[in-house]
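The values are calculated or read from the model by the stated rules, or taken from the named source; none is laboratory data. Worth saying up front: this structure is predicted, and the values here are computed from it rather than measured. As a convention, Cβ positions derive from the backbone with ideal geometry for all residues, glycine included, and neighbour counts pool all protein chains shown.
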Amino acid sequence: MQLTLWTYEGPTHVGAMRVAAAMDGVHYVLHAPQGDTYADLLFTMIERADRRPPVTYTTFAARDLGGDTAALFKTAVRDAYERFRPEVMLVGASCTGELIQDDPGGLARALGLPIPVIALDLPSYQRKENWAAAETFYALVRGLAVEAPRDEHGPSCNILGPTALGFRHRDDVREVRGLLERLGVRVNVVAPLGATPAALARLGEARFNVVLYPEIAGTAARYLQKRFGQPSTRTVPIGVAATRAFVDEVLALAGIAPDAAEPACNLPWYSRSVDATYLTGKRVLVFGDATHAIAAARVAASELGFDVVGLGSYSREFGRELREAALGYGLEALISDDSLEVEQRIAELRPDLVLGTQMERHVAKRLGIPCAVISAPVHVQDFPARYSPQMGFEGANVLFDSWVHPLMMGLEEHLLGMFREDDEFSPDAPASHLGAEAHSRSLEVAGVDAAAWAPEAERELRRVPVFVRGRARRNTEAYARDRGRALITVETLYEAKAHHAR
Amino acid sequence: MGGWRREPGRVSASLALTRSAAAGCAVAEQAPLRAAEAAPLHESEVAPLREGEIPPLREREVAPLRESDVTPLRERGQREVFCGLTGIVWLHRAMPDAFFLVVGSRTCAHLLQSAAGVMIFAEPRFATAIIEERDLAGRADMNDELDRVVTRLLERRPEIRLLFLVGSCPSEVIKLDLGRAAARLAQRTLPATRVLAYSGSGLETTFTQGEDACLAALVPELACSDSPALLVAGALPDVIEAQFRATFAALGIGQVHFLPPRRATALPPVGPHTRLLLAQPFLAETARLLEARGARRIAAAFPFGEEGTTAWFSAAAAAFGVQPDRRDAVLAPGQARARAAVGRQRERLAGRSVFLFPDSQLEIPFARFLSRELGMRLVEVGTPYLHRQHLAEELALLPAGTRLSEGQDVDRQLDRCRAARPDLVVCGLGLANPLEAEGITTKWSIELLFSPVHGYEQAGDLAGLFARPMLRRALLDGALAPAAPVAA
């Protein structure tokens, strides 16, 4: 039993739903009690989907458990087929359905529907959402892809991995497809997002696969390599350097020479402009799914000149890759799906910037630390109305803006601090973009059972730029506490500063 | 047929009574929690509101629903509803010193996180003990595991005074006895922390029934009292509770208790001189257990809208012998404010049609409000369960021929809804955007549960919640033609 407050990943059937909901012509019948239908709102509310996810829940109740839940399941499958006429039916059970052991696959096959029925075996008590999305996609690919003539219309590839409820998947697909087409590589099939079962049947026509999200497409790509001999890209094109490496990889796989000029990208120049000098050595903590966390750390360190002080992920399946990446920054990777542990790490490290998920955004907000979101779990904010990819050259621009703007605000606050004695600026004004609550609370927490501040030391503290003032206060109090000093003077403040100087 | 309503049944002789040695009072043996099915099928005495008993009501524009009309469409099929765990989202706020530990699966944790919606990742007063493979395979003793989790939790949160172990679908299926686990844990945690158990499982509870099960679990803990008092049952926002207390005080009703109380350590007493007034229509089991403890239910319409609020307070006033002129004087200002506030929304809603999908069991009181105070036409009123006894006063106020449906087959219900093309659909979040995309205006129902909507001062807000989607559509239709979303 695991005590859990918040989860990074949902249950396995939600992973399957993300694949089913991304596609057309697929229907998923889920043996599940009524409450499990909450999952629909993830799609209709967070992603603002304009249709219900293609899922029928059997919604068995206590009174059914003594009776024939298997018959209930069969009726649900039959009715769903009649009503929705899908090209492929997925069947499976949620966590409760799994416990009653009705064998959805066997029951559905016994109905003899005139379409392929794919049974999903997604152990709810062992696995989680992303693993299940990968498994579902693999099951569909395995069940539907057939031998086909290769590259009839020139070098081509498939784009694999984007799903419903994915972090910027919609825009990444558009960006990467544009990039590939500019290179002269035809995109055969994008899947699962927007694909039909008929499209999956044609996967074998491509020369190679572009794996956008290894968490979701890795299993299927390995299968396609084995079955059709299709190689896959290894580089995830997040950041300028990775995008260039991705382009080289694609050209090699497609067997073609570069023909087009590289698209314009502002990140390299913006990062070199003197205005960005103050980004140097900003301490950054990165947490997200493995793909986004590893990529974000790389971009942060080598393209923005940040200092990566923490790197972690909830994707346990990618522990090896994470540990390797973390070693590159002299760090030990934090591999955990316990949000409290991540919160504690953020509080301990006090980074200048957090690149995380929505959970880290809330933690950072409470601690008064700037934050940008780089990874799922998604929130309605992660589906912006505008085009906002993470991948490719435009994606690099988006990363620059969305990671630097929270800090730019920090510089503004510094300027405000310089004018703090002017009547227009209250010396206690918290960082405007973090909300008034955050800042004052972060200071209060630090003040608990700390030494008293002499008035002149308190005045001196107020001259410290607001975005480091909290840290200065904490460091000074810790310094005073360690030395058993009851009163903090200006001397103490500067002794502590010298002590904590890196 | 005297008075307002048939008095609720006394403690049934068939209920086994046990003596609680500590409290020295009768406590009905707890029967297993069940849905509202315990209600009698037919209310034999359904009286319309009597003129003169309460301040004059708005003229009836429609004939009242006769008892013979109440034969709801009963459906069994896919139900698109939340399970009872969802109630934790508001219950934990109603009882700030209580903690809710769901014993369930990752799905339960994900549901709570998603239903909390705003995802404010603070450290909440609810959590999930996720059952894992090793628990199911017997490699770990589930009770030991639960003890370990609870110990860790209480170390972390020593301020918890009341811990609810909340059963889920998986814990029900594997027959994990949380009642026993709670008793065992309480031996260690008392007197600092009381431990109780209830089920929020979707196998047994739909959405608001989780609150019913939670409050029902508190009933055996209530002390015994012989003094006359009013007990208001149902979780209410602070602001509403304060308003209600003020009105009861003005009416001269002395002892007023609320269940749940603000502090879990201050549980209200109950006894033969307790009069029970339900503030929510979904408290079947709580009411049954309170009645078994001697409380007598005051039958009334629910305090939504001016009419419902007046009926509700008037029923309490009658039960406590408040003089009619005093009652009228106390209620008149609120009534006038509520009428004025509701009247401002009426223009937008009158004559429009509304279709309510089953969700919270609040649908029937809301339908009554929409029909009688806002002049809307009721196309269909769905409810997950129909408790005929508790809703008798509400049903009597619905227009004749109102189509009620109980239970759900969501695809068929959507077919009916699309065919009717109502002006407004009240439905859950899973259905709202898809219907909007089809050009049908919706009001998502969960907001009606999370917002303060009871009483006179909120009657206008309640009307506003229904009017805003209509206003919004009118505003946007003027400037923006509906556009298809950009394809991926």
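Go through the residues of region B:441-459 one by one and say whether even a single one is modelled with pLDDT of 95 or more and within 13 Å of chain A (Cβ to nearest Cβ).
yes
Hey, any hits in region A:48-67 for a residue that's at pLDDT below 95 and more than 9 Å from chain B (Cβ to nearest Cβ)?
yes
Quick check on region A:174-189: of everything there that is within 27 Å of A:G143 (Cβ to Cβ) and surrounded by fewer than 23 Cβ atoms within 10 Å (Cβ to Cβ), which residue is farthest from the other protein chains (Cβ to nearest Cβ)?
Taking the candidates together, the pick is A:R186.
Of all residues in region B:421-455, count the ones that are of a type in the set (S, T, Y), out of contact with any Pro (no Cβ under 7 Å at 6 or more places or on another chain) and closer than 17 Å to B:A367 by Cα. I'd like the intermediate steps shown before the answer.
Initially, region B:421-455 is screened for residues of a type in the set (S, T, Y), giving B:441-442, B:445, B:451.
Next, only the ones that are out of contact with any Pro (no Cβ under 7 Å at 6 or more places or on another chain) stay: B:445, B:451.
Now drop any that are not closer than 17 Å to B:A367 by Cα, which leaves B:445.
Result for region B:421-455: 1.
Which of (1) within 25 Å of B:Q255 (Cβ to Cβ); (2) crowded, with 23+ Cβ neighbours inside 10 Å does B:P358 not meet, given it meets every other one?
Condition (1) is where B:P358 drops out.
Within region A:216-228, which residues are surrounded by fewer than 24 Cβ atoms within 10 Å (Cβ to Cβ) and more than 19 Å from A:H153 (Cβ to Cβ)? Break it down into steps so the answer makes sense when it comes.
Our first condition is that a residue be surrounded by fewer than 24 Cβ atoms within 10 Å (Cβ to Cβ); within region A:216-228, this holds for A:218-219, A:222-223, A:225-228.
Correct list: A:G218, A:T219, A:R222, A:Y223, A:Q225, A:K226, A:R227.
Taking the stated definitions as given, is B:A329 more than 25 Å from B:G271 (Cβ to Cβ) and modelled with pLDDT of 95 or more?
Values: more than 25 Å from B:G271 (Cβ to Cβ): yes; modelled with pLDDT of 95 or more: yes.
Yes; evaluated as a whole, the condition is true for this residue.
Is there a residue being surrounded by 14 or more Cβ atoms within 10 Å (Cβ to Cβ), at pLDDT 95 or above and within 14 Å of chain A (Cβ to nearest Cβ) anywhere in region B:189-198?
no
Pick from A:D79, A:D24, A:D40: which is charged (D, E, K, R) and touching a residue at least 40 places away in the same chain (Cβ under 8 Å)?
On the way: A:D79 fails: touching a residue at least 40 places away in the same chain (Cβ under 8 Å); A:D40 fails: touching a residue at least 40 places away in the same chain (Cβ under 8 Å).
Only one candidate passes the filter, namely A:D24.
So for region B:327-348 (the condition being closer than 17 Å to B:L230 by Cα and buried (at least 19 other Cβ atoms within 10 Å of the Cβ)), does at least one residue qualify? So that I can check it myself, show each step before the final result.
Just the residues of region B:327-348 that are closer than 17 Å to B:L230 by Cα, to begin with: B:327.
From the residues that got through so far, the ones that are buried (at least 19 other Cβ atoms within 10 Å of the Cβ) too are B:327.
Looking for residues that are closer than 17 Å to B:L230 by Cα and buried (at least 19 other Cβ atoms within 10 Å of the Cβ), one finds at least one in region B:327-348, hence yes.
Using the structure shown, decide if A:A364 is of a type in the set (A, V, I, L, M, F, W, C), part of a loop (DSSP other than H, G, I, E, B) and modelled with pLDDT of 90 or more.
Numbers: of a type in the set (A, V, I, L, M, F, W, C): yes; part of a loop (DSSP other than H, G, I, E, B): no; modelled with pLDDT of 90 or more: yes.
When the stated conditions are applied, A:A364 does not pass them.
Name the residue, out of B:R388, B:R377, B:R418, that is farther than 30 Å from B:A246 by Cα, among the charged types (D, E, K, R) and modelled with pLDDT under 95. Before the answer, list the steps.
On the way: B:R377 fails: modelled with pLDDT under 95; B:R418 fails: modelled with pLDDT under 95.
None of the others qualify; the one that does is B:R388.
May I ask you to list pairs of residues, at least six apart or on different chains, whose Cβ atoms are under 9 Å apart, with the first in region A:341-353 being under 15 Å from A:Y8 (Cβ atoms) and free of Cβ contacts under 8 Å to residues at least 24 places away in the same chain and the second being among the charged types (D, E, K, R) and outside any strand (DSSP E or B)?
Pairs found: A:E343/A:E360; A:E343/A:R366; A:E343/B:E123.
Does any residue of region A:381-389 turn out to be at pLDDT 95 or above and either touching a His at 6+ places or on another chain (Cβ under 7 Å) or surrounded by 18 or more Cβ atoms within 10 Å (Cβ to Cβ) (or both)?
For region A:381-389, residues at pLDDT 95 or above and either touching a His at 6+ places or on another chain (Cβ under 7 Å) or surrounded by 18 or more Cβ atoms within 10 Å (Cβ to Cβ) (or both): present.
So B:V270 ticks every box in (1) touching a residue at least 12 places away in the same chain (Cβ under 8 Å); (2) out of contact with any Leu (no Cβ under 9 Å at 6 or more places or on another chain) but one. Which box is left unticked?
(2)
Which residues, counting only those in region B:293-327, are within 20 Å of B:G254 (Cβ to Cβ), charged (D, E, K, R) and part of a helix (DSSP H, G or I)?
Once the filter is applied, which keeps residues that are within 20 Å of B:G254 (Cβ to Cβ), charged (D, E, K, R) and part of a helix (DSSP H, G or I), region B:293-327 yields B:D325, B:R326, B:R327.
Sort out which residues of region B:357-379 are outside any helix (DSSP H, G or I) and either under 25 Å from B:R297 (Cα atoms) or touching a Ser or Thr at 6+ places or on another chain (Cβ under 6 Å) (or both), and write them in order of number. Outline the logic, then answer.
Filtering region B:357-379 for residues outside any helix (DSSP H, G or I) gives B:357-362, B:373-379.
Correct list: B:P358, B:D359, B:S360, B:Q361, B:L362, B:R377, B:L378, B:V379.
Pick from region A:332-357 the residues that are within 11 Å of chain B (Cβ to nearest Cβ) and surrounded by fewer than 21 Cβ atoms within 10 Å (Cβ to Cβ): which of them is farthest from the chain's Cα centre (by Cα)?
Taking region A:332-357 first, the residues within 11 Å of chain B (Cβ to nearest Cβ) are A:337, A:339-340, A:342-343, A:356-357.
Filter once more, keeping what is surrounded by fewer than 21 Cβ atoms within 10 Å (Cβ to Cβ): A:337, A:340.
Details: A:D337: 13, A:L340: 18 Å.
Among them, the one singled out is A:L340.
When the residues of region A:1-47 are narrowed to those that are more than 7 Å from every other protein chain (Cβ to nearest Cβ) and of a type in the set (F, W, Y), which ends up nearest to B:A109 (Cα to Cα)?
Result: A:Y8.
Could you check how many residues of region B:69-99 are within 18 Å of the chain's Cα centre (by Cα), within 12 Å of chain A (Cβ to nearest Cβ) and among the aromatic types (F, W, Y)?
Summing the residues that are within 18 Å of the chain's Cα centre (by Cα), within 12 Å of chain A (Cβ to nearest Cβ) and among the aromatic types (F, W, Y) in region B:69-99 gives 1.
When region A:262-290 is examined, which residues are found to be surrounded by 20 or more Cβ atoms within 10 Å (Cβ to Cβ) and of a type in the set (G, A, S)?
Correct list: A:G288, A:A290.
Mind checking which residues of region A:5-36 are more than 19 Å from the chain's Cα centre (by Cα) and crowded, with 24+ Cβ neighbours inside 10 Å?
Hits for region A:5-36 are A:A20, A:M23, A:V26, A:Y28, A:V29, A:L30, A:H31, A:A32, A:P33, A:Q34, A:G35, A:D36.
Just to be sure I understand, how many residues within region B:422-444 are acidic (D, E) and touching a strand residue (DSSP E or B) at 6+ places or on another chain (Cβ under 9 Å)? Write out each step before concluding.
From region B:422-444, those acidic (D, E) are B:423, B:436, B:438; that's our starting set.
Narrowing the set further to residues that are touching a strand residue (DSSP E or B) at 6+ places or on another chain (Cβ under 9 Å) leaves B:423, B:436.
Number of matching residues: 2.
Which one of A:G255, A:G218, A:G239, A:G229 is at positive phi, of a type outside the set (S, T, Y) and within 28 Å of the chain's Cα centre (by Cα)?
Numbers: A:G255 fails: within 28 Å of the chain's Cα centre (by Cα); A:G218 fails: at positive phi; A:G229 fails: within 28 Å of the chain's Cα centre (by Cα).
Being at positive phi, of a type outside the set (S, T, Y) and within 28 Å of the chain's Cα centre (by Cα) holds for just one of A:G255, A:G218, A:G239, A:G229, which is A:G239.
Say whether the condition of being in a loop (DSSP other than H, G, I, E, B), of a type in the set (D, E, K, R), farther than 24 Å from B:E438 by Cβ and more than 8 Å from chain B (Cβ to nearest Cβ) is met by at least one residue in region A:91-109. Let's see the steps before the verdict.
Of region A:91-109, the ones in a loop (DSSP other than H, G, I, E, B) are A:94, A:101-103.
The next check asks that each one be of a type in the set (D, E, K, R); those that pass are A:102-103.
Checking which are farther than 24 Å from B:E438 by Cβ leaves us with A:102-103.
The next check asks that each one be more than 8 Å from chain B (Cβ to nearest Cβ); those that pass are A:102-103.
Yes, region A:91-109 has at least one match.
Can you list the helices (runs of 4 or more DSSP H) found entirely within region B:124-181 that contain at least 3 residues being touching a strand residue (DSSP E or B) at 6+ places or on another chain (Cβ under 6 Å) and within 11 Å of chain A (Cβ to nearest Cβ)? Working first, answer last.
Numbers: elements: B:133-136, B:142-156, B:169-173.
Output list reads B:169-173.
Can you confirm whether region B:407-427 contains a residue that is touching a residue at least 12 places away in the same chain (Cβ under 8 Å), surrounded by fewer than 23 Cβ atoms within 10 Å (Cβ to Cβ), among the β-branched types (V, I, T) and assigned to a helix (DSSP H, G or I)?
Taking every residue of region B:407-427 in turn, none turns out to be touching a residue at least 12 places away in the same chain (Cβ under 8 Å), surrounded by fewer than 23 Cβ atoms within 10 Å (Cβ to Cβ), among the β-branched types (V, I, T) and assigned to a helix (DSSP H, G or I).
Would you pick out the residues in region A:132-169 that are crowded, with 23+ Cβ neighbours inside 10 Å and not in a loop (DSSP other than H, G, I, E, B)?
Selection gives A:A132, A:A133, A:A134, A:T136, A:F137, A:L140, A:V141, A:C157, A:N158, A:I159, A:L160, A:H169.
Conditions tested, residue by residue: (1) loosely packed, with under 15 Cβ neighbours inside 10 Å; (2) in a helix (DSSP H, G or I); (3) more than 40 Å from the chain's Cα centre (by Cα); (4) not β-branched (V, I, T).
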position: A:E458; (1), (2), (3), (4): yes, yes, yes, yes
position: A:R473; (1), (2), (3), (4): no, yes, no, yes
position: A:A480; (1), (2), (3), (4): no, yes, yes, yes
position: A:E491; (1), (2), (3), (4): yes, yes, yes, yes
position: A:K497; (1), (2), (3), (4): yes, yes, no, yes
